[in-house]
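Inspection log for the structure reproduced underneath, given as C-alpha cells.
The values are calculated or read from the model by the stated rules, or taken from the named source; none is laboratory data. Computed from a predicted model, the values in this text were never measured in an experiment. So basically every Cβ, Gly included, is an ideal-geometry build from the backbone, and we count neighbours across all protein chains shown.
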Amino acid sequence: MSRFYVDPIVKASDFYLGVNFWPREANILMWRRWDLDSIVEDLEKLKSIGVDSLRVFLLAEDFAYPSGEVKGDALIKLTEFLDEASKRGFKVFLTLLVGHMSGKNWPFPWDPSNEVYTPAVTHRTIRFIRRVVSRVRGHPAVECWVVSNEIRHVKTPEEPDHFRSWAESVVGAIKFIDERPVSIGDNTSPTSPVFLMPENVGELVDYLSPHIYLYDDDPVRHGLTYMAILEYCLSTGKPTILEEFGFPTNLYTEESHAGFIETILVGSLALGARGALIWCAFDFPREGDEPYLWEPHELSFGLFRSDGSPKPAAESVKRFRELLEILGDEEYELPERDVGILVPATFYKSYPFTFEDRGDLFSALVQAYVMAKRAALNVTFIRETEMERKPLIIVPSVPRLLTTTWRRLLEYVEKGSVLYYSHARYLDHPHVSSCHVWTELFGVKPSLKAGFKGVWREKLELKIDGELVEVPATRRDVGSTGFTPVEAEVVCESGGEPLLLRAKRGRGLAYLSPYPLELYLREASLGNEYKIYEMLAREAGIKPVYNPSTPSIQVEYWAKNGEPSLLFLINHSYREAPTTAVGEVVWGRAEVRGELVIPPKSAVLIRLRETSNLD
C-alpha cells in the first residue's frame, strides 16, 4: 500500500510488471475446469520472464449463487490459487465482478434482468463482494482489489449519477473490510465516457486504470498517443497503472508486437506510472470455446503461444525486468513539466447546449502532446477549471473555453507566460464564439462578414525558423473566423492572410493560429510540424534537457538533487534512430557508431555525464 501515494519521487522497484491472467489450457473457464497443476506450470513460465503481478478474474457465474452468496468450492480454489501465486512472489490484482470478458457478457447470477445499478441489485452485489473480500483479505498474495472488468459493457448507466452512486457503494463496501488499494477496473482515461473520466472517478479509487487499445498508421504517433493518455491520467495527481494493453498476433507480426510491448513498458516507467499489466499472459488452444468461437483474435494476445512456447514479446518483458533490476530501489525525482496543454472544461464536464465533439477534442489534445514530445519538451495537461500557470501554455484547436478563462490566460501572459491558441471554428456551428477578448489578448479583431459560416483553406503553409511547415486542411467542416491584426505582429502569412500572429502583453506573448492546426494534423502524416512548438518553447525560454537528432525518439529523464541523471530514449518508429551519444548506456540494444543508434521500436537508458554535456 505504500506504493499508492502522489509524490514526485520514483523507484523502479515500485513498478508492477504484470499480465492479465487466464491459464493457457482452461482460458476463461479456469474455475470450472480447475487444474491446479496446469496453472502452476503457467505461473512458472511467467515467473521465468520476470512478471511479478497478475490481474486475476472471478467469473461471476462460477463464484456466486443467485442470492449473491459465494460458492464455497470456488473460494477453496481461489485460496489454492493465491497460495501458489504467493509461493512465487506474485502480487495479485483481484478482479471481483466479472460479467463482461473478451467479447461476451457472462451473467451475474444475482442480476438476471441485468439491472446492475439499481439499489436492490447493488445490495446483492455488495453481499457477494463482502464474502469474497472477507475470505481472502489476509492473504499475502492480494495486492489490490479491482472492482470489475469493464462493467459499462454489461450495462451502460442511464445517468452518470447512477454509476457514481453504484461505484461509491461498491468501493465503500470493500474499504470497510480492507484498506488495500482499489481500482474501478474499467478504462479511466480521456477516451472514456464522461462518467469514467479521470476527473470524475479519481476521488473514488486509489489508482487510475486506463485500458488502451489504439490504432494509427503512423507508428510514432501511435506510441506517443499511449504516452499522452498516461500523462493525462498522471496529470490529475492520481497514481496510474496501465491496467490493459496489447495486440493479437494473429493480426499483427510477433516482432512488431514485441517492439510495441517494450516501448510502452519503458515509456510507462519513464513517465512515472506505477505499473503496466499486459493483455494477456497466454494464447489459448480451445478454439470452440466461447467467446473465441466468434472472436478469434481473442485467442492470440498472449506473451506465450498456445503450445506454451514464448513469443518475442516474452523476451521484451524479460529485458524490461533487467532494466527494473538495474534501477533497483534507488530513488529519483520526476521533473516538473514546464509546458501545459490546456484541457477545456467541456471535455470532462457537461454544460447545457454545448456541441463539442469529445473525439475531436481528444484528437487535438493528443496531437499537441505528440508535437510537444517530438520537440523534446517536458509536457503535461492542465485542466481549465484548475488552471495553473506554466512558462508555455498550449490551447490546441478547441472551439470554446469558459468565458472567465481568457482573462486568466491574459493575466498569465502579462506575468511572463507564452500562450498559444489554435482557433477552431466549426462551420456547422457558426453561432458559437470561442473567445470574446480577441483584441485585448491577441491584438486582433474578427474579419468575418455577418452571417458567413467561416473561412476555409485547402492547405496552410507556415515558414518557421526558415523551414516550410505544410498543414493540409484534412477537415472541411472546421475552419477559421478570420482575423485582422490590430496590435499583433504577423509571424506567418499566405496570400495576404495571417496564419500565425503574435502580441506582446506585459512580460509575455500571446500567439494565435486562426486555423485548427492540431486538429488538421491529427489526420495527416507526421512531418516537421513540431517546429512550431520548438519556436514557441524558445520564446518561452524553455530549453530541452536533451534534443535528439531524430524526432521519432521520445525523451524522458529522471533527476537527482534537481539535476538530470537518467535519460530514457524511446524509438517509436520502425526504423533505426541515430542520435547524439551523451553518456553511459546502461540498458538497451543501442549501438554506438559514431552516433548512438537505437534499433526500431526499442528503448535505451543512459546514465548522464555532467549536465553541461547535454548542451
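In the set LEU536, LEU596, LEU512, LEU566, which member is under 24 Å from LEU410 (Cα atoms), in a strand (DSSP E or B) and of a type outside the set (S, T, N, Q)?
LEU512
From TYR215, TYR292, TYR226, grab the single residue that is over 19 Å from SER602 (Cα atoms) and not in a strand (DSSP E or B). First the steps, then the outcome.
Working: TYR215 fails: over 19 Å from SER602 (Cα atoms); TYR226 fails: over 19 Å from SER602 (Cα atoms).
Unique residue meeting the criteria: TYR292.
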- Item | Single match in ALA524, ALA450 (criterion: of a type in the set (Gly, Ala, Ser), more than 33 Å from the chain's Cα centre (by Cα) and either in a loop (DSSP other than H, G, I, E, B) or modelled with pLDDT under 95 (or both)) | ALA450
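Considering only residues that are of a type outside the set (A, V, I, L, M), under 22 Å from TYR348 (Cα atoms) and in contact (Cβ under 8 Å) with a residue 12 or more places away in the chain, look in region 159-179 and name the one that is surrounded by the fewest Cβ atoms within 10 Å (Cβ to Cβ). Even if it seems obvious, please write down each step before you answer.
Going residue by residue through region 159-179, those that are of a type outside the set (A, V, I, L, M) are 159-166, 168-169, 172, 175-176, 178-179.
Going one step further and asking which of them are under 22 Å from TYR348 (Cα atoms), we end up with 159-166, 168.
From what is left, the residues that are in contact (Cβ under 8 Å) with a residue 12 or more places away in the chain are 160, 162-166, 168.
Numbers: PRO160: 15, HIS162: 17, PHE163: 25, ARG164: 16, SER165: 15, TRP166: 22, GLU168: 12.
My answer is GLU168.
Kindly evaluate LYS47 against the criterion of being in contact (Cβ under 8 Å) with a residue 40 or more places away in the chain and charged (D, E, K, R).
Values: in contact (Cβ under 8 Å) with a residue 40 or more places away in the chain: yes; charged (D, E, K, R): yes.
So LYS47 fits the description; yes.
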- Task: Of the numbered conditions (1) assigned to a helix (DSSP H, G or I); (2) more than 30 Å from LEU323 (Cα to Cα); (3) under 32 Å from the mean Cα position of the chain (by Cα), LEU82 fails exactly one; give the number of that condition.
- Result: (2)
- Item | Enumeration of residues in region 489-534 that are under 18 Å from PHE442 (Cα atoms) and among the aliphatic types (A, V, I, L, M) | VAL490, VAL491, LEU499, LEU500, LEU501, ALA503, LEU509, ALA510, LEU512, LEU517, ILE532
- Task: Return yes when GLU179 is modelled with pLDDT under 95, more than 19 Å from ARG337 (Cα to Cα) and in the same structural domain as PHE93 (by TED's automatic domain parsing) and no when it is not.
- Result: yes
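Looking at region 119-146 only, could you name the residues that are among the polar types (S, T, N, Q) and within 32 Å of the chain's Cα centre (by Cα)?
Let us first name the residues in region 119-146 that are among the polar types (S, T, N, Q), namely 122, 125, 134.
Once the filter is applied, which keeps residues that are among the polar types (S, T, N, Q) and within 32 Å of the chain's Cα centre (by Cα), region 119-146 yields THR122, THR125.
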- Item | Members of region 260-289 found to be in a helix (DSSP H, G or I) and of a type outside the set (Phe, Trp, Tyr), listed by number | ILE261, GLU262, THR263, ILE264, LEU265, VAL266, GLY267, SER268, LEU269, ALA270, LEU271
- Query: Scanning for something surrounded by 14 or more Cβ atoms within 10 Å (Cβ to Cβ), part of a strand (DSSP E or B) and in contact with a Cys (Cβ under 8 Å, 6 or more places away or on another chain), does region 464-478 turn up at least one residue?
  - Reply: yes
- Just for region 39-67: of the residues that are small (Gly, Ala, Ser) and touching an Asp or Glu at 6+ places or on another chain (Cβ under 9 Å), which one is surrounded by the fewest Cβ atoms within 10 Å (Cβ to Cβ)? GLY50
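Please specify each residue of region 162-176 satisfying the condition of being closer than 17 Å to LEU97 by Cα and either in a loop (DSSP other than H, G, I, E, B) or of a type outside the set (D, E, K, R) (or both). Spell out the reasoning first.
Here is the first cut: in region 162-176, the residues closer than 17 Å to LEU97 by Cα are 163-175.
The answer is PHE163, SER165, TRP166, ALA167, SER169, VAL170, VAL171, GLY172, ALA173, ILE174.
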- Can you tell me which of THR263, THR240, THR225 is of a type in the set (Ser, Thr, Tyr), modelled with pLDDT of 95 or more and farther than 17 Å from SER209 by Cα? THR263
